[in-house]
Amino acid sequence: MTGYRYHEQHTPPPARQVTDVAVERFEHIFEVDPKLMTAHVAQQLFPNWDTLRIAASRGDHLEWMHRHWAYQVISAQELLDEIESEQPG
Amino acid sequence: MTDVPPRQSPAPEEQAGGAADTGHNGGNGHSPVTVEFLSEWRNAAYNCYSSGHKFCREVCPVMQVTRNENHTPTAFHANVVAMEQGELTVEDVAEDYVNCTQCGACELRCPNTLFTGDFYRFRTRTVDLVKRMRALAVDNGVHQPGYQRWNELTDERSHEPVLGDTPVSQEHVRDWAGGLDIPIGGETVLFVDCEAAFYRTSLPRAVAQILRRAGYEFGLMTEQWCCGGPAAEMGYRDQARRFAEHNLADWRAAGVRRVLVLDPHDYITFTEDYPEFFGDDFDIEIVLVVELLAQLIAEGRLTPTVPIERTITYHDPCRLNKRKGVWQEPRQILGAIPGLTFHDVDRVTQWSYCSGAGAGLPIERPEIARKISENRMDEAAQLEVDTLVSACPWSERPLAEAGQDRAIDVVDIHELLAESLGIDVGGRTRA
Ligand code: SF4
Ligand code: SF4
């Protein structure tokens, strides 16, 4: 198995521009375009494991929240569509 | 985020702390080293202070016990703001920062990590802040007596004084391996933390014999010292670095390419502190044993067959689950052991659990650490289990003590696997 290696961890996959302000390096994980993070707050050194850990933890946490409190999970768009369909004429 | 003028090219160490130029250096009569600290941590501190939502509060194991607002991650950040404003000094706040096990729950649960940290590549770093504030205190001559004594003894003996009045020493660091004929050196070495090397010797013996059973070759270090992590956690950074330099030199001299780590605390030290000390020069691969064993089982190189008739739950060690996101592999190992009845608690619920054993809390605040251990074992008792399995030697001593009153055994996952492989590990589980 491959363990932790410094050079691997500090070599992120190439960034693909996905919008004017966002890039994607790992599938479904979006990051602000680093060009926008130079004036007020500098980005931190971010090994790959940390990006992946946070993204995975977010998914786990949302799933946990849904499991404990959500009767049903719907997208915001579904909600908007429902509101629109209820509005008269 | 604060509205401050940019600097042309931020220094790398400032990037690590997340600060671009502030224009405000927080002079206010602080020492130069404090001014530098405030410059590095100002943005992070204001980021929390202006958020102030305290999602971090109830997951904090110390806060659950003390209910003292000065022990919250929010306060740890707000103090930096107050220092920067000239309202407080490091002498005023240093003692508050002992109230932390560096478990990482708060910084992971903080929305500025969990929901935006990966997006901005800027997350809440309470653990680093606590480490840095402790170091700042030491740099300003403010010592916590327990930490100071512990690190003096570690410096004298090259290992932590885990046996209390019985001294530990360099000549005994490999005693745990007696009769196992493990070679010295080689491309891969097993690093054994101070607690396991001197106190819970059954653990490294279990790991060594499991690896041998799988045909996995490894050796031991020529002269292993403490990893230096505890010194870094308690603020003795120069000592931590000296120890790190020694171990790295030992690895280099023996041609080591890979270090196997059985202790989650060492895993943090080697994958966070050593990279910070050595940067690009850190070319040693670090392998977590619990991940390696899960893989060896998946590949069919290890097949546990001896049934273990126990009703268990698993304690997610903070430094694996919260700080590294390692929670699946231990469950894969437990799933492969026949006979177990497993009452699991999911890893998100366990974000608010802790053994209390981390970052020197038992040295300076033993009563708080003990209450955290008791809280953890109360959670286990509700599951009506007879055994709690952990993957962290430092958690096992305090949890075992708390388990006695509740008739719950505390067993190490590596030792449990060895038992199911039919290995009689030898060694001892206490001093
Ligand atoms: S640490 Fe995070 S969750 Fe806690 S108060 Fe600060 S910003 Fe909010
Ligand atoms: S790292 Fe753990 S103990 Fe320390 S403040 Fe955060 S939650 Fe509390």
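Assorted remarks:
- Buried accessible area, chains B and A (both chains, 1.4 Å probe, Å² to nearest 100): 4000 Å²
- When you restrict to C-alpha pairs under 8 Å that are six or more residues apart and normalise by the size of chain B, the relative contact order lands at 16 percent.
- Cα-based helix-to-principal-axis angle, A:76-86 vs chain A, degrees rounded to 10: 20 degrees
- Cleavage-rule hits, trypsin sites (Lys or Arg not before Pro), region B:23-113, DSSP coil, Cβ neighbours within 10 Å at most 10: B:ARG67
- Considering only alpha-carbon pairs that sit under 8 angstrom and 6 or more positions apart, the relative contact order computed for region A:6-86 is 20 percent.
- Helix axis angle, B:73-84 relative to chain B longest principal axis, alpha carbon, degrees: 30 degrees
- Overall form of region A:1-74 per C-alpha gyration tensor (a/c, 1.5; a/b vs b/c): oblate
- For the residues B:VAL345, B:VAL306, a 1.4 Å probe over the protein chains yields an accessible-area ranking, largest first, of B:VAL306, B:VAL345.
- Estimated FRET transfer efficiency (B:GLN170, B:ARG258; beta-carbon r; R0 30 Å; 0.05): 0.80
- When you filter the GluC sites (Glu not before Pro) in region B:224-308 for DSSP loop state and at most 16 other Cβ atoms inside 10 Å of their Cβ, you are left with B:GLU299.
- Cα gyration tensor, region B:11-142 - rounded (a/c under 1.5), prolate or oblate: oblate
- Intensity falloff of region B:145-242 expressed as log10 I(q)/I(0), Debye formula with alpha-carbon point scatterers, at q = 0.14, 0.22, 0.24 Å⁻¹: -0.55, -1.12, -1.24
- For region B:155-296, share of DSSP beta bridges that run antiparallel, in % to the nearest 5: 0 percent
- Sparsely packed loop sites in region B:379-431 (the GluC sites (Glu not before Pro) outside DSSP H, G, I, E and B with at most 11 other Cβ atoms within 10 Å) comprise B:GLU384.
- Most mobile of B:THR124, B:THR313, B:THR271 in a GNM of chain B (Cα contacts under 10 Å): B:THR271
- Contact order relative to length of region B:155-296, as percent, for alpha carbon pairs under 8 angstrom and 6 or more apart: 25 percent
- Rounded percent of accessible protein surface that carbon and sulfur make up, chain A, 1.4 Å probe: 57 percent
- In chain B, the C-alpha radius of gyration followed by the widest Cα-Cα span (Dmax) gives 21.7, 67 angstrom.
- Nearest 10 degrees, 0 to 90: helix A:48-69 Cα axis against chain A principal axis: 20 degrees
- Pairwise FRET efficiency - B:SER31 versus B:HIS343, Cβ, R0 = 60 Å, nearest 0.05: 0.70
- Among beta bridges that DSSP assigns inside the protein assembly as shown, antiparallel share in %, nearest 5: 25 percent
- Computed over protein heavy atoms with a 1.4 Å probe, the accessible surface of the protein assembly as shown works out to 42 Å² per residue.
- Rounded, prolate or oblate (a/c below 1.5 giving rounded, otherwise prolate when a/b exceeds b/c) for region B:376-431 by Cα gyration tensor: prolate
- In plain terms, the chain from B:GLU401 to B:ASP386 could stretch by 4.0 nm, reckoned as 0.36 nm per residue minus the Cα-Cα distance.
- Peptide B:109-120 shows a mean partner chain C-beta count of 5 within 10 Å per residue C-beta.
The values are calculated or read from the model by the stated rules, or taken from the named source; none is laboratory data. What you are looking at is a predicted structure, and each value in this text was computed from that prediction instead of being measured. Positions of Cβ are generated from backbone atoms using ideal geometry, with glycine treated the same way; all protein chains shown enter the neighbour counts. For accessibility, only protein heavy atoms count, side chains too; no ligands or nucleic acids. Shrake-Rupley method; radii C 1.70, N 1.55, O 1.52, S 1.80 Å.
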